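Contents: one structure, followed by commentary.
The values are calculated or read from the model by the stated rules, or taken from the named source; none is laboratory data. Model, not experiment: these values are computed from the prediction. A quick note on method: Cβ atoms are made from the backbone with ideal geometry, for glycine too, and the neighbour counts reach across all protein chains shown.
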Amino acid sequence: MASNAAHRTRRRALKWLHFFGLFLAMMVLCVPGLWVVLNSFRPTVEIMAKPPVWIPNELNLDHYRAMFGGVGEGGVPVLTYFRNSLIISVTSTVIALLVGMSGGYAFARFRFKGKAWIFVGLMCTRAVPGVALSLPLFIIFARVGIIDTHFGMILTYVAMNVPFTIWLIDGFFRQIPPSLAEAAQIDGCTRWQAFWQVEFPVAKAGIASAGIFAFLTSWNEYALASQLTRSVTSKTMPVGLLDFQAEFTLNWGGMCALAVLMIIPALILTFLVQKHLIAGLTFGGVKG
Amino acid sequence: MKSLKLPPWLVLLLPAIIILAAVVLIPLVLSLYSSFTAYKLTRPDSLYRWIGTFNYEKAIGDAKFWAAFGRTVLLLTVALNLEMLFGLGLALMVSKVTRGQRALRTMMMFPMMFSPILVGFQFKFIFNDNVGLVNNALQSLGITDQAIPWLVDGNLAMFSIIFAEVWTATSVFAILILAGLYAIPKDPLEAAKVDGCTAWQSFRYVTLPFLMPFIYIAMAIRSLDVARAYDIVQIMTNGGPARRTELLWTLIGRTGYVDARMGYANAMGYISIFLAIFFTVFFFRKLTAARAELGMGV
């Protein structure tokens, strides 16, 4: 039975290796983020201490208090930034999903000339980085008078997200056999009703996953927002992060506190829809 | 309005086309035009001075531009390959876990929620030579007693940037590959087992070909993102020290905004956009081929 025992040891070793590898990977993924969270509760003296303080002596809410406090005490209009971010991200995500649904439906259900080229053209618009767009957009937006407004930012983010949502949603609609909607139409539905009552519910999971990608992109975008927002009327949180940076100093603790506020909504949302996310990607990915 | 009847697919695509034309196409045409002029931010009237392809010729003859170009391609290759390997490993490990997978998946996606600019600041601090987490840890463990200048030395700075890029984007690969692992049909794997394949053989010849489309999708998405990498590098090193970590878009951003030579910057921008499009088309081709191999149609 020597080979049996050897087999068992090998299995156990593999199991431990698996556990250890997973633990190490999760450590690397989570520690930098958790360090940010931890630092938001520590006084600046301790963050900057040399030699380093590994076990925190005191944790407090000073950075949060300062952030929500008045302008004189290092306060930053966080709530306004948060509201701006929320309005801009949510609205642009909803619009991008609607536009993406109609575009994705067109790609999935209709055959037309130049389809492949229109598709590649749409994808290529994603190759253009924010830095390249920011100046021409700034000039145009200033002319039209929508600089530093929610509307301007929403418009920009919708454009940023549309190619990707079309691509993902196209894949989900292709999964649904056309006969399903046709059957509904024979039963007396209009095409519009057939879409909302038959095809939309089936593709819902996929649309949710496209939605979360769009939301995270808008929520985190910096290069364009830094140019197209000027004041508290439309500044978003990633731009607000720079309020903690002065000429030569950096209020790291305060920055961490704002970062935590930025991560929480994203974390909640991702946790809620992550199951659909996997299902959605499986759909859209391969067979798209 | 009966006379103007558009085909339904065009009606459905119209919103997307209008928005993209307004926000992406018009600015691009504007910057394409300005790349043929001597446009300087400080002198608006220079927008009308047509100088032909002078900017392009200058960019092609510019050593700094090609250095940044090479560095971007290097970052693209190294980061994408590392992300692919780590993402594959991570997805395989997570898929083998029987309990608590939901929590693990959420943890795995943790870096995806970080704004690139936040990642930049975070790693700028972690790699800080004086009070950074890495140096503190190395010194406390007694591995070294000197402060390693992570962001000051040229090669180490490039390493730090690659580390930050890989940290943020490994989860993109992991999540897509995990989605692929869930979708693998069980029959071929069982057939391989019956035929006496080792674990490695069934991974290499059954699992991996099935995962390839997912890997290429992730590659296509990420190659676009890395080719336009700006935020992280801008914050971490700002292209320094002495341009050792200068990438295409930080160089372009600096030329455009700091030196105010917008026309020249736009010319370089166009060359880099073509680089990004090249990589994307390349991976899309691969994707189509991998799909065809699996008989999934296009």
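Can B:Ser160 be described as at pLDDT 85 or above, within 11 Å of chain A (Cβ to nearest Cβ) and closer than 23 Å to A:Ala223 by Cβ?
So B:Ser160 fails the test.
What about B:Tyr205, is it at negative phi, touching a Ser or Thr at 6+ places or on another chain (Cβ under 7 Å) and more than 10 Å from chain A (Cβ to nearest Cβ)? Step through it out loud before you land on a result.
Values: at negative phi: yes; touching a Ser or Thr at 6+ places or on another chain (Cβ under 7 Å): no; more than 10 Å from chain A (Cβ to nearest Cβ): yes.
It is false that B:Tyr205 is at negative phi, touching a Ser or Thr at 6+ places or on another chain (Cβ under 7 Å) and more than 10 Å from chain A (Cβ to nearest Cβ).
All but one of (1) of a type in the set (A, V, I, L, M); (2) crowded, with 16+ Cβ neighbours inside 10 Å; (3) more than 21 Å from B:Phe114 (Cα to Cα) hold for B:Val166; state the number of the condition that does not hold.
With respect to (1) of a type in the set (A, V, I, L, M); (2) crowded, with 16+ Cβ neighbours inside 10 Å; (3) more than 21 Å from B:Phe114 (Cα to Cα), B:Val166 is out only on (3).
Just one of (1) modelled with pLDDT under 85; (2) closer than 29 Å to B:Ile215 by Cα trips up B:Gly61, so point out which.
Against the list (1) modelled with pLDDT under 85; (2) closer than 29 Å to B:Ile215 by Cα, B:Gly61 comes up short only on (2).
Output the number of the condition that A:Val286 fails; it satisfies all remaining conditions of (1) at pLDDT 80 or above; (2) surrounded by 22 or more Cβ atoms within 10 Å (Cβ to Cβ).
With (1) at pLDDT 80 or above; (2) surrounded by 22 or more Cβ atoms within 10 Å (Cβ to Cβ) applied to A:Val286, the lone miss is (1).
So that you can scan it fast, the table gives a plain yes or no per residue for (1) aliphatic (A, V, I, L, M); (2) touching a residue at least 60 places away in the same chain (Cβ under 8 Å); (3) closer than 29 Å to A:Thr233 by Cβ:
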| residue | (1), (2), (3) |
| --- | --- |
| A:Arg83 | no, no, yes |
| A:Ala96 | yes, yes, yes |
| A:Met101 | yes, yes, no |
| A:Gly104 | no, yes, no |
| A:Phe110 | no, no, no |
| A:Ala116 | yes, no, no |
| A:Gly121 | no, no, no |
| A:Gly130 | no, yes, yes |
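Identify the residue in segment A:148-163 that is under 20 Å from B:Asn266 (Cβ atoms) and touching a residue at least 60 places away in the same chain (Cβ under 8 Å) and, among all such residues, is farthest from the other protein chains (Cβ to nearest Cβ). Talk me through it step by step, then tell me what you get.
Taking segment A:148-163 and keeping what is under 20 Å from B:Asn266 (Cβ atoms), we get A:156, A:159-160.
Subsequent filtering for residues that are touching a residue at least 60 places away in the same chain (Cβ under 8 Å) retains A:156, A:160.
On the way: A:Thr156: 6, A:Met160: 8 Å.
Result: A:Met160.
Any idea which of (1) surrounded by fewer than 15 Cβ atoms within 10 Å (Cβ to Cβ); (2) within 30 Å of A:Lys204 (Cβ to Cβ); (3) away from chain B (no Cβ under 13 Å) is the one A:Phe112 doesn't satisfy?
Condition not satisfied by A:Phe112: (3).
Can you tell me which of (1) within 10 Å of another protein chain (Cβ to nearest Cβ); (2) within 28 Å of the chain's Cα centre (by Cα); (3) among the aromatic types (Phe, Trp, Tyr) is the one A:Trp54 doesn't meet?
Among (1) within 10 Å of another protein chain (Cβ to nearest Cβ); (2) within 28 Å of the chain's Cα centre (by Cα); (3) among the aromatic types (Phe, Trp, Tyr), the lone unmet condition for A:Trp54 is (2).
Has segment B:77-90 got any residue that is within 12 Å of another protein chain (Cβ to nearest Cβ), outside any helix (DSSP H, G or I) and under 22 Å from A:Gly33 (Cα atoms)?
For segment B:77-90, residues within 12 Å of another protein chain (Cβ to nearest Cβ), outside any helix (DSSP H, G or I) and under 22 Å from A:Gly33 (Cα atoms): absent.
All but one of (1) out of contact with any helix residue (DSSP H, G or I) (no Cβ under 9 Å at 6 or more places or on another chain); (2) modelled with pLDDT of 90 or more; (3) aliphatic (A, V, I, L, M) hold for A:Ile95, so report the exception by its number.
(1)
Consider A:Val37 against the criteria (1) away from chain B (no Cβ under 12 Å); (2) β-branched (Val, Ile, Thr); (3) within 30 Å of A:Ala208 (Cβ to Cβ): it satisfies all of them except one. Which criterion is unmet?
(1) is the only condition that A:Val37 fails.
Out of A:Ala194, A:Ala159, A:Ala184, report the one residue that is touching a Leu at 6+ places or on another chain (Cβ under 8 Å), over 24 Å from A:Ile268 (Cβ atoms) and surrounded by 17 or more Cβ atoms within 10 Å (Cβ to Cβ).
Testing whether each residue is touching a Leu at 6+ places or on another chain (Cβ under 8 Å), over 24 Å from A:Ile268 (Cβ atoms) and surrounded by 17 or more Cβ atoms within 10 Å (Cβ to Cβ) leaves just A:Ala159.
Name the residue, out of A:Arg65, A:Arg83, A:Arg10, that is more than 14 Å from chain B (Cβ to nearest Cβ) and either within 30 Å of B:Lys96 (Cα to Cα) or out of contact with any helix residue (DSSP H, G or I) (no Cβ under 9 Å at 6 or more places or on another chain) (or both).
Just a single option satisfies the conditions, and that option is A:Arg83.
Would you please name the residue that is surrounded by the fewest Cβ atoms within 10 Å (Cβ to Cβ), looking only at residues in segment B:203-222 that are among the hydroxyl-bearing types (Ser, Thr, Tyr) and at pLDDT 85 or above?
Restricting to residues being among the hydroxyl-bearing types (Ser, Thr, Tyr) and at pLDDT 85 or above, the top hit is B:Tyr205.
Residues B:Ala199, B:Ala191, B:Ala220: which one is among the hydrophobic types (A, V, I, L, M, F, W, C) and touching a helix residue (DSSP H, G or I) at 6+ places or on another chain (Cβ under 8 Å)?
B:Ala220
Collect the residues in segment B:1-43 that are part of a helix (DSSP H, G or I) and polar (S, T, N, Q), keeping them in residue-number order. Please lay out each step first, then the result.
So the first thing to find is which residues in segment B:1-43 are part of a helix (DSSP H, G or I), and the list is B:8-34.
Correct list: B:Ser31, B:Ser34.
Return the residue satisfying two criteria in turn: it lies in segment B:1-40 and is touching a residue at least 12 places away in the same chain (Cβ under 8 Å) and not charged (D, E, K, R), and of such residues it is nearest to the other protein chains (Cβ to nearest Cβ).
Here the answer is B:Ser31.
State all residues of segment B:75-132 that are in contact with a helix residue (DSSP H, G or I) (Cβ under 7 Å, 6 or more places away or on another chain), of a type in the set (Ser, Thr, Tyr) and either crowded, with 22+ Cβ neighbours inside 10 Å or more than 26 Å from B:Leu224 (Cβ to Cβ) (or both); if no residue qualifies, say none.
The answer is B:Ser95, B:Ser115.
For residues in segment B:252-269 being within 10 Å of chain A (Cβ to nearest Cβ), over 15 Å from B:Asp62 (Cα atoms) and in contact (Cβ under 8 Å) with a residue 24 or more places away in the chain, which is surrounded by the most Cβ atoms within 10 Å (Cβ to Cβ)?
Among those residues, the one meeting the criterion is B:Met262.
Considering only segment B:143-170, state which residues are touching a helix residue (DSSP H, G or I) at 6+ places or on another chain (Cβ under 9 Å) and farther than 21 Å from B:Leu76 by Cα.
Passing the criteria: B:Ile143, B:Thr144, B:Asp145, B:Gln146, B:Ala147, B:Ile148, B:Pro149.
When segment B:101-145 is examined, which residues are found to be among the β-branched types (Val, Ile, Thr) and either within 7 Å of chain A (Cβ to nearest Cβ) or farther than 21 Å from A:Gly253 by Cβ (or both)?
Within segment B:101-145, B:Thr106, B:Ile117, B:Ile126, B:Val131, B:Ile143, B:Thr144 qualify.
Any residue that is closer than 25 Å to A:Val94 by Cα, more than 10 Å from chain B (Cβ to nearest Cβ), touching a residue at least 60 places away in the same chain (Cβ under 8 Å) and in contact with a helix residue (DSSP H, G or I) (Cβ under 6 Å, 6 or more places away or on another chain) - is there at least one of those in segment A:251-264? Break it down into steps so the answer makes sense when it comes.
Our first condition is that a residue be closer than 25 Å to A:Val94 by Cα; within segment A:251-264, this holds for A:259-264.
After this cut, where a residue has to be more than 10 Å from chain B (Cβ to nearest Cβ) as well, the list is A:260-261.
Now restrict to residues that are touching a residue at least 60 places away in the same chain (Cβ under 8 Å): A:260-261.
Then drop every residue that is not in contact with a helix residue (DSSP H, G or I) (Cβ under 6 Å, 6 or more places away or on another chain), which leaves A:260.
Checking segment A:251-264: at least one residue is closer than 25 Å to A:Val94 by Cα, more than 10 Å from chain B (Cβ to nearest Cβ), touching a residue at least 60 places away in the same chain (Cβ under 8 Å) and in contact with a helix residue (DSSP H, G or I) (Cβ under 6 Å, 6 or more places away or on another chain).
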